1. For the condition of a type outside the set (S, T, N, Q) and in contact (Cβ under 8 Å) with a residue 24 or more places away in the chain, what is the one hit in M109, M77?
2. Somewhere in segment 98-119, is a residue in a helix (DSSP H, G or I) and modelled with pLDDT of 90 or more?
3. Show me the strands (runs of 3 or more DSSP E) entirely contained within segment 23-97 in which 3 or more residues are in contact with a Lys or Arg (Cβ under 6 Å, 6 or more places away or on another chain).
4. Just to be sure before I move on: is F152 in a loop (DSSP other than H, G, I, E, B), surrounded by 11 or more Cβ atoms within 10 Å (Cβ to Cβ) and of a type outside the set (G, A, S) in the structure I sent?
5. If a residue must be open to solvent by 40 Å² or more (accessible area, probe 1.4 Å), of a type in the set (A, V, I, L, M, F, W, C) and modelled with pLDDT of 90 or more, how many such residues does segment 55-87 contain?
6. Out of (1) in contact (Cβ under 8 Å) with a residue 60 or more places away in the chain; (2) under 13 Å from the mean Cα position of the chain (by Cα), the odd one out for P66 is which?
7. All but one of (1) over 30 Å from A53 (Cβ atoms); (2) open to solvent by 100 Å² or more (accessible area, probe 1.4 Å) hold for T92; which doesn't?
8. Can you tell me which condition E97 does not meet? The list is (1) within 30 Å of A139 (Cα to Cα); (2) under 11 Å from the mean Cα position of the chain (by Cα); (3) surrounded by 14 or more Cβ atoms within 10 Å (Cβ to Cβ), and all the others hold.
Amino acid sequence: MRRSFVLLSMALAATLPAGSALAFTDKPVKLIVPAPPGGTIDVFARIISDQLANELKQPVIVENRPGAGGAMAVKYMLSQPADGNTLLVTVTNILTEVPHVLKGGFDAMKDVKPVSQMARSVMVFIASPQFPAKDAKEALAYIKAHPGQLSF
């Protein structure tokens, strides 16, 4: 977690004028989370908020804005002043997958700018032992051969 905070601090510092340290704001910083309280992103944001508040010497508030696959949080963030006091803590699919599935009212390529990668995770594809495929290639072939018959 310390490494993640260092990366975030470096990313924030890179946006500041030379010699300005991290006291760039006299207002609370908001971290917008596109999920309800208690989930992984929320917990992560709260850990980051504590460390960031200590570093900035300003309150850092976590604001949960769940709904519409994360689009509500992104649109809320975009409605705030572009002064660096409102940041979105999210997973990548909110900006890469959701815009292709839902009409979220924002363009992920034009409306937002990544500041820092704070964590990395791995996803695992698993199935019941009774599922006939033994690897991802066989699973895809089986899914294609049985359209509309499977759920995942």
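1. Details: M109 fails: in contact (Cβ under 8 Å) with a residue 24 or more places away in the chain.
None of the other options fit; the residue is M77.
2. No - not one qualifying residue is present in segment 98-119.
3. Numbers: elements: 29-33, 60-64, 86-88.
Output list reads 60-64.
4. On the way: in a loop (DSSP other than H, G, I, E, B): yes; surrounded by 11 or more Cβ atoms within 10 Å (Cβ to Cβ): no; of a type outside the set (G, A, S): yes.
Criteria not met by F152.
5. Selection size over segment 55-87: 3.
6. (1)
7. Looking at each condition in turn, T92 falls short on (1).
8. (2)
The values are calculated or read from the model by the stated rules, or taken from the named source; none is laboratory data. From a predicted model like this one, the values you see are computed outputs, not experimental measurements. Neighbour counts run over all protein chains shown; Cβ positions are idealised from the backbone, glycine included. Note: accessible area is taken over every heavy atom of the protein model, side chains too, but ligands, DNA and RNA are not part of it. Shrake-Rupley method; radii C 1.70, N 1.55, O 1.52, S 1.80 Å.
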